[in-house]
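K.L.:
Quick one: this structure, given as structure tokens, is what I'll be asking you about.
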Amino acid sequence: MTIWALGLATLGLAACAGPSAPRIYTLQDPSAIQGGAQMAPGTDRMASSTAAGNAAAAGTASTGNASTSGPTRFIDVAPVIIPERLRRRQLVLRTDATQLRVLEEDRWSASLADELHDAISFGLQSQLNAADVSQTGLAGKAPSYRISIEFNQLDAQQGGAVRANVSWLVKQVSGPNGRVCQARFEAPAGAQVADVIVAHQRVVGQVVDAVAASQRALESGGAAPYCSASVG
């Protein structure tokens, strides 16, 4: 009876403890912002800080850094489109060519589509010295450029890599011109879940760099990497 009672007590304590809280992750990386500009993956931040300081001492501003006078353009980043299987808060990892694994205890702070949208918008606003009208408080402001992004593929593997196949459109709102672009991006991932999150952040940084280059090319009338087609 004593052993039986101890067993029941143990079960009771386990029930009271309840399930463990899930680990929550985000794609927004504050360290990717340096002096108002998003750093490209692999950039030496110490060297960048020194260069920014030298530019300030000389009375000049580094290219791409945000202006202290406010945004110079308004953009509208549309909701990001992702594959149906990824439309959830739980992390989804690929285990082999045919199987996926859903991690119930490891989750995004919002749906993955929202995480991608916010992280990309955050990076583009920084790189382009822009304000995204899709964000709260700017809904009534007319944008100059509309940006649509679709992740046709986004696979992550522990101890492997995060790979993305991304298409995007950058278009003038009040004009006929636009750029249609597509590219593949990849970042190595370590064996831990946290390493996979960092790899996601690096891929997002690569996407931001490419989309920002497309927007600048559209604005200047020049060619853009990954953009083989124009609209308008």
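The values are calculated or read from the model by the stated rules, or taken from the named source; none is laboratory data. A quick note: this is a predicted structure, and the numbers were derived from the prediction, not measured. Neighbour counts are summed over all protein chains in view; Cβ atoms, including those assigned to glycine, are modelled from backbone coordinates with ideal geometry. Just so you know, the surface numbers come from the protein's heavy atoms only, side chains and all, with ligands and any DNA or RNA stripped out. Shrake-Rupley method; radii C 1.70, N 1.55, O 1.52, S 1.80 Å.
K.L.:
Among the residues that make up segment 68-77, is at least one of them within 22 Å of residue 207 (Cβ to Cβ), in a loop (DSSP other than H, G, I, E, B) and at pLDDT 95 or above?
P.N.:
no
K.L.:
Out of all the residues in segment 216-226, is one or more open to solvent by less than 10 Å² (accessible area, probe 1.4 Å) and not aromatic (Phe, Trp, Tyr)?
P.N.:
Within segment 216-226, one or more residues are open to solvent by less than 10 Å² (accessible area, probe 1.4 Å) and not aromatic (Phe, Trp, Tyr).
K.L.:
Taking the condition basic (Lys, Arg), open to solvent by 20 Å² or more (accessible area, probe 1.4 Å) and modelled with pLDDT under 95, does residue 88 pass?
P.N.:
Considered against the rule, which asks whether it is basic (Lys, Arg), open to solvent by 20 Å² or more (accessible area, probe 1.4 Å) and modelled with pLDDT under 95, residue 88 comes out as yes.
K.L.:
Scan segment 91-105 residue by residue and report those that are open to solvent by 10 Å² or more (accessible area, probe 1.4 Å) and part of a strand (DSSP E or B).
P.N.:
The answer is 92, 94, 100, 101, 102, 103, 104, 105.
K.L.:
Give segment 137-160 a look and list any residue that's in a strand (DSSP E or B) and surrounded by 15 or more Cβ atoms within 10 Å (Cβ to Cβ), or say none.
P.N.:
145, 146, 147, 148, 149, 150, 151, 154, 155, 156
K.L.:
Which one is most open to solvent (accessible area, probe 1.4 Å), of the residues in segment 111-136 that are free of Cβ contacts under 8 Å to residues at least 60 places away in the same chain and within 30 Å of residue 21 (Cα to Cα)?
P.N.:
Of the residues in segment 111-136, the ones free of Cβ contacts under 8 Å to residues at least 60 places away in the same chain are 111-114, 117, 121, 125, 130, 132-136.
If we keep only those that are within 30 Å of residue 21 (Cα to Cα) as well, we get 111-114, 117, 121, 135-136.
Values: 111: 38, 112: 8, 113: 23, 114: 84, 117: 22, 121: 1, 135: 59, 136: 144 Å².
The extreme case among them is 136.
K.L.:
Read through the list (1) closer than 19 Å to residue 29 by Cα; (2) among the basic types (Lys, Arg); (3) touching a residue at least 60 places away in the same chain (Cβ under 8 Å), then give the number of the only condition that residue 163 fails.
P.N.:
Of everything listed in (1) closer than 19 Å to residue 29 by Cα; (2) among the basic types (Lys, Arg); (3) touching a residue at least 60 places away in the same chain (Cβ under 8 Å), residue 163 misses just condition (3).
K.L.:
Give the residues of segment 188-212 that are closer than 20 Å to residue 121 by Cα and open to solvent by less than 30 Å² (accessible area, probe 1.4 Å), sorted by residue number. Full working, then the answer.
P.N.:
Step one: list which residues in segment 188-212 are closer than 20 Å to residue 121 by Cα, which gives 197-212.
Across segment 188-212, the qualifying residues are 197, 199, 200, 203, 204, 205, 207, 208, 210, 211, 212.
K.L.:
Being farther than 21 Å from residue 216 by Cα, open to solvent by 30 Å² or more (accessible area, probe 1.4 Å) and touching a residue at least 24 places away in the same chain (Cβ under 8 Å) is the requirement here; does residue 172 meet it?
P.N.:
no
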